[in-house]
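The values are calculated or read from the model by the stated rules, or taken from the named source; none is laboratory data. This structure is a prediction, so every number in the text was calculated from the model and none was measured. Here the Cβ positions follow ideal geometry from the backbone for every residue, glycine too, while neighbour counts run over all protein chains shown. Heavy atoms of the whole protein, side chains included, go into the accessibility calculation; ligands, DNA and RNA do not. Shrake-Rupley method; radii C 1.70, N 1.55, O 1.52, S 1.80 Å.
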Amino acid sequence: MAEGLMKKFYGHALYVQSAGVKNDLEVDGFAVAVCQEIGVELARHRARSFEEMREWGDDLSGFDLVVALSPASQRQALELTRYYHLEVEYWPILDPTGLGESREAKLAAYRQSRDQIRDRMVARFGPPTQPG
């Protein structure tokens, strides 16, 4: 969700790649649904791990900032600072996976996570620069 929101709000002024502790490949359908509600397309997005990013040619030393959304990703990002000069920020965002019994309750949890990410982004990077 974070990569999609970042690209929607700030366009291509920044180079953004999402990476996780592991590569889930498929993006969660609930994440796709709640982002689609605000015009953010995630259906074709694929989650990568830091290791895959390196294998695919991303130069991790070229990144200025890593925003970690979970304690596990924060630990992995901090480990990268042993080899690369990176700033790491931890944004404790609700992990909506496994929350809610009904479809609507699950969607509500994902909306809460989406909105937490959006709010942190705007606080950190300022108002969106892209229309829409």
In degrees from 0 to 90, rounded to the nearest 10, what is the angle of the helix 71-80 Cα long axis to the longest principal axis of the chain?
-> 20
Which percent of the accessible heavy-atom area of the chain goes to carbon and sulfur, probe 1.4 angstrom?
-> 52
Once Y15 and L94 are pulled to full extension, the length gained, defined as 0.36 nm per residue separation minus their Cα-Cα distance, is 26.0 nm
Could you sort 9-16, 28-35 so that the peptide with the highest average Cβ count within 10 Å comes first and the rest follow in order?
-> 28-35, 9-16
If you roll a 1.4 Å probe over the heavy atoms of the protein chains, what accessible area per residue do you get for the chain, in Å²?
-> 60
By DSSP, what percent of the beta bridges with both residues in the chain are antiparallel, rounded to the nearest 5?
-> 25
Counting only residues 5 or more apart in sequence or on a different chain, those whose built amide H sits under 5 Å from that of L14 are none
Taking the highest mean first, how do the peptides 77-87, 103-113 order by number of other beta carbon atoms within 10 angstrom per residue?
-> 103-113, 77-87
Looks like segment 28-83, by Cα gyration tensor root eigenvalues a ≥ b ≥ c and the a/c under 1.5 rounded cutoff (else prolate when a/b is bigger than b/c, oblate otherwise), is prolate
Add -39500 (n - 2.57) for each DSSP H run of 4 or more in the chain, then divide by its residues: what number comes out at 222 nm, to the nearest 500 deg cm²/dmol?
-> -13000 deg cm²/dmol
Could you tell me which of rounded, prolate or oblate describes the chain, using a ≥ b ≥ c as the square roots of the eigenvalues of the alpha-carbon gyration tensor, with rounded for a/c under 1.5 and, failing that, prolate when a/b is larger than b/c and oblate otherwise?
-> prolate
